[in-house]
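Values quoted throughout were computed directly from the atomic coordinates according to the rules given, and no laboratory measurement underlies them. Just so it is clear, the model here is predicted, and its values are computed rather than measured.
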Amino acid sequence: MLSGNFRDFMQSAPDELTAYAALLHGPDGSPIVGVIPCYCGDITEGERVLKPLRSFGSPAMDVIQPRYAVAFSISISRWKSELLEIYAAERIA
């Protein structure tokens, strides 16, 4: 199960790794799990650290790539604001 794999992975992860996981819905309404990792350190070491995460299953998409930390921060902020808009709309409706 992905949640158990993710939990175990993060318990042994180095301090340089931050990762968020969320239960979401795909475009067709099917349940999906999204994982957003950020490794702050050497790119080669980051690839090694993230290798087990990438082997949990067959992802619908894998867009893990080297980026500046500020780009990660902006992505997380946008993701959170989009989720808040969705939840606010659902509560109002």
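Computed from Cα positions, the angle between helix 69-92 and the longest principal axis of the chain comes to roughly 20 degrees.
Entry note, region 2-92: relative contact order of 21 percent, from Cα contacts under 8 Å with a spacing of 6+ residues.
In plain terms, the chain from Met61 to Phe6 could stretch by 18.1 nm, reckoned as 0.36 nm per residue minus the Cα-Cα distance.
Any number yet on Rg/Rh for region 2-55, C-alpha, Kirkwood?
My calculation of the ratio gives 1.03.
Springs between Cα atoms under 10 Å define the GNM used for the chain, and in it the highest mean-square fluctuation of Asp28, Asp15, Asp42 occurs at Asp28.
GNM on the chain, alpha-carbon springs under 10 angstrom: the most fluctuating residue among Ala21, Ala13, Ala60 is Ala60. Across q = 0.11, 0.19, 0.24 Å⁻¹, region 2-92 modelled as identical point scatterers on its alpha-carbon atoms has Debye log10 I(q)/I(0) values of -0.36, -1.02, -1.41, in the order of the q list.
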